[in-house]
Amino acid sequence: AVGAAMRPGAVLSALRPALPLLLGLSLGCSLSLLRASWSHGAAEERCLAPGPPAPPARGDPPEAAEGRPGPGHEDFRPRIVPYYRDPNKPYKKVLRTRYIQTELGFHERLFVAVLTSKATLNTLAVAVNKTVAHHFPRLLYFTGLRSAKVPHGMVLVAHGDERPIWLMYETMNYIHQHFGSDYDWFYIMQDDTYAQAEQVKALVTHLSINQDVYLGRAEEFIGGDEQARYCHGGFGYLLSRSLLLKLHPHLDSCRNEILSVRPDEWLGRCIIDFLGITCVSQLQGQHYRTYELAKNTEPEKEEEEDFQAALAVHPVSDMTLMYRLHKQFSRIQLDRVYQEIQDLQMQIRNLTALTPAGEAGVTWPVGINAPFLPKSRFEVISWDYFTEQHLFSCPDGSPKCELSGASKADVSEIIESAVEQLNRLYQPLLRFSKRQLLNGYRRFDPTRGMEYTLDLLLEAATQKGHSHVLAKRVSLVRPLSKVEIIPMPYVTEATRVQLVLPLTVQDLDFVANFLDMFAMNTLDTHDNALLTLLFIYHPYDAQRVGQMDVFAGVKAMVGELEKRYSDVKIPWISVKTEVPSQVKLMDIVSKKHPVDTLFFLASVWTEINMEFLNRCRMNTISNWQVFFPVHFQEFNPALVYRGEQTASSNTDYLRDGHFDRHSFAEACFYNSDYMTARTKLAADILDRDEVLESMEVFDVFLHYSGLHLFRAVEPGLVQKYTLRSCNPRLSEELYHRCVLSNLEGLASRSHLAMALFEQEQANST
């Protein structure tokens, strides 16, 4: 009986730790069932409500049966389109769009139209273009008649008639025809309007594109309906894409039926009469704030809250006033940004104090990433030493060079900023002025930006006029700003590549391997690539070509390839010269090919593969960029392995070698770009052809073209070790680079040290 009485107590004590879990599960299940019953009951009441369904409100899109979206929602709800192919029709390859954004039907955010005239095109329109145009993604200028010369950097559309109503009608038609399917929002403004571009862009990001929007400064019609409003054109107005699409079929009727003097009134009346939508100054919690300028207004003295919060200002009478407004609003925006930064830094300090690290966890500057902490000595970022005149870490490897260009401007700006910050901290008690930069150090930290440490010799002056010279060390950071995507022209991997292979007598031993790799990686795979051989004869060999052709063996190999691949032709060009200048050879090849040819200037040690050819196509852009890959050069196996078996693992094929930065033999470029740069070079050197012997194709593009020179390591170009012959007839710089390439290609420092150690041991024994 005692045991039976104790048994329930033991069970309860065993279940006591699990009681909170059981209670929580029971409570959660009960609440979920209760909520489901409420939702079900509400749905039943809605479905079983007696009487016909209520009509939709004015301006709301109709709803289809079963709760499906109406026509107005088609662009904003996902739909699954089933795939069906008619078996009776032949199959055609689907052409994909160039960009995924086009295929998914995405629209750009904002299009801006500026209404101008022939009289103000070169004044107010130019001022608009210089102040706010670069802040908008797309901006066009519309006018009736145009002047003989259009200002630089402006896209102008002239309709041929200066009548205001006709200009508005044609502008709306043009926008719908060319941009109606590409943009979500359309902002219309006049050239005597100053608009805060960033505020306009922020406004459209807070508005829903699922509504018909006619937003601006609402004005009453003269003698018209008291409830109807139109948007004043002087302050700009915003139209949604859905409204523009609905308005377009009625534009012709509006032109014929509505009489008005002002184009903004005409457009407002058209929208009201045919769409039933009136202009509003507030929508979805967003306000369209404007400010009307009085005569002889001084923007620098305007301190009203309405002025500082204005999104658009009108009227702007001249260019100078436009620039002054832009300067004042830029200053206001900058002050807001600085204040926001200070507030965020204060919040970071307050929150960091509550973390386990405490105040020690606050990084400097507050809000910027902490400095990079290296995990080994190989990851340490070195500092570059500089003074006001010299830099002691030069790009060409020399120990000292003169500070000039962007580096000099950078040092001057950072010293000026350091003195300014010191004065801001210590004024009015002390006033600092720079005497001399004692020491300067800088380094680039990829996690935060450019870091500086300056030892400044300063003169400190007190309020009483006393001065004292002191040395002070300051640290500064130029943080990385907002990352921007650089627009690049579209390129494709289907472009044909024309390989150009210069050959000399010293290269004959390596031609067979080159042709085998070319046949295996391009001809067998049907890659879109062709080959042209360039035979470089010495004058002595050229005289004896009838008796003994030094390139006869190569020509026989080419003949065998053409027999094996019947649809392939490998032409060759014979050149006689003692100094095989790369530029002179390229001049001959360039004249024999079309201007749109994509050249790949190769070397006989190059092993062609499809991976690199595709990168050559993608990295070379006509009239934009040329590509100079840095090939991987394997070390001398006699020094690296010293009789041992070479590494056979595919993952280690880039281990025993280095990227040869001294070689510029390989290059990818378009013939048109080369011809343009070569024309500028010819005008510079006139008839001094001997200058070409000291130049390479890289030098031509570097000094005589405005193209981007993309030079990067290329793991797809791997060359076996060979001792190249350096022609002493070339320029001193080219010969020196060739010798350095041979020396650095022998082996790594550890391999050379081991070889010397073994040699010394062998000599000592």
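How large a share of the accessible area of the range 101-328, in percent, is made up of carbon and sulfur atoms when the probe is 1.4 Å and the other protein chains stay in place?
47 percent
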In the range 275-369, the trypsin sites (Lys or Arg not before Pro) that fall in loop regions by DSSP, at most 10 other Cβ within 10 Å
LYS295
Once the Cα atoms of the range 248-323 are picked out, what are the Rg and Dmax in Å?
17.1, 47
About its Cα centre, what dipole magnitude does the range 101-328 give when the only charges are +1 on Lys and Arg Cβ and -1 on Asp and Glu Cβ, stated in debye to the nearest 20?
660 debye
Cross-link partners of LYS327 among lysines (Cα-Cα below 18 Å; sequence separation of 8 or more within a chain)
LYS130, LYS301
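Leaving out ligands, DNA and RNA, and with a 1.4 Å probe, what % of the accessible surface on the range 384-479 is carbon or sulfur?
Details: 2970 of 5700 Å².
Exposed carbon and sulfur together represent 52 percent of the surface.
Is the shape of the range 497-752 best called rounded, prolate or oblate, per the rule: a/c under 1.5 gives rounded, else a/b larger than b/c gives prolate, else oblate, with a ≥ b ≥ c the square roots of the Cα gyration tensor eigenvalues?
Values: a/c = 1.28, a/b = 1.18, b/c = 1.09.
Note, shape of the range 497-752 comes out rounded.
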Kindly state, to the nearest 0.05, the FRET efficiency for ILE258 paired with VAL155, given R0 = 30 Å and r defined as their beta-carbon distance.
0.55
Restricting to lysines and to Cα separations under 25 Å from LYS569, and discarding same-chain partners fewer than 8 apart, the set is LYS555, LYS584, LYS591, LYS592
Once both axes come from the Cα atoms, what is the angle between helix 732-744 and the longest principal axis of the chain, in degrees from 0 to 90, rounded to 10?
90 degrees
Mean Cβ-within-10 Å packing, highest first, puts peptides 725-731, 314-320, 21-27, 107-113 in the order 107-113, 314-320, 725-731, 21-27
Expressed as a rounded percentage, what relative contact order does the range 384-479 have, with Cα pairs under 8 Å and six or more residues apart?
22 percent
Could you state the accessible area per residue of the chain in Å², with a 1.4 Å probe and every protein chain left in place?
61 Å²
Can you match Rg/Rh (Cα atoms, Kirkwood Rh) to one of these, (1) 1.03; (2) 1.00; (3) 1.07, based on a calculation from the structure here?
(3)
Measure off 7 Å from each Cα along the Cα-to-Cβ vector at LEU351 and GLU416, then give the distance between these two points in nanometres to one decimal.
3.6 nm
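Of all DSSP beta bridges in the chain, what percent run antiparallel (nearest 5)?
Details: 56 of 98 bridges.
Of those bridges, close to 55 percent are antiparallel.
Roughly how big is the chain's charge dipole about its Cα centre, with Cβ charges of +1 (Lys, Arg) and -1 (Asp, Glu), in debye to the nearest 20?
Values: 77 positive and 91 negative charges, 205 e Å.
Here the size comes out at about 980 debye.
Please identify the GluC sites (Glu not before Pro) of the range 259-338 that satisfy two criteria: DSSP loop assignment and at most 11 other Cβ atoms within 10 Å. Which are they? Write out the running numbers ahead of the final one.
Numbers: sites: GLU265, GLU292, GLU300, GLU302, GLU303, GLU304, GLU305; in loops: GLU302, GLU303, GLU304.
Counting only loop positions with at most 11 other Cβ atoms within 10 Å, the GluC sites (Glu not before Pro) in the range 259-338 are GLU303, GLU304.
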Tell me, what % of the accessible area of the range 497-752 is carbon and sulfur with a 1.4 angstrom probe?
54 percent
Taking the dipole of the range 116-199 about the Cα centre (Lys, Arg +1; Asp, Glu -1; charges at Cβ), the one of TYR141, HIS152, ILE188 that reaches farthest to the positive side is HIS152
Which value, in Å² and to the nearest 10, is the accessible area of PHE698 when all protein chains are kept and the probe is 1.4 Å?
40 Å²
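Rounded to the nearest 20 debye, what is the charge dipole size of the range 497-752 about its Cα centre when +1 sits on each Lys and Arg Cβ and -1 on each Asp and Glu Cβ?
On the way: 23 positive and 33 negative charges, 30 e Å.
With Lys and Arg at +1 and Asp and Glu at -1, about 140 debye.
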Could you tell me how many degrees, from 0 to 90 and to the nearest 10, lie between the Cα long axis of helix 671-685 and the main elongation axis, the longest principal axis, of the Cα atoms of the chain?
70 degrees
FRET efficiency (HIS250, SER330; Cβ distance; R0 30 Å; to 0.05) is 0.15
Estimated distance in nm for a label pair at GLU744 and GLN211, the labels positioned 7 Å out from Cα along Cα-to-Cβ
6.4 nm
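The values are calculated or read from the model by the stated rules, or taken from the named source; none is laboratory data. On a predicted model such as this, the values are computed, not experimentally measured, just so you know. Virtual Cβ from ideal backbone geometry, glycine too; neighbours counted across all protein chains shown. Note: areas computed on protein heavy atoms with side chains; ligands, DNA, RNA excluded. Shrake-Rupley method; radii C 1.70, N 1.55, O 1.52, S 1.80 Å.
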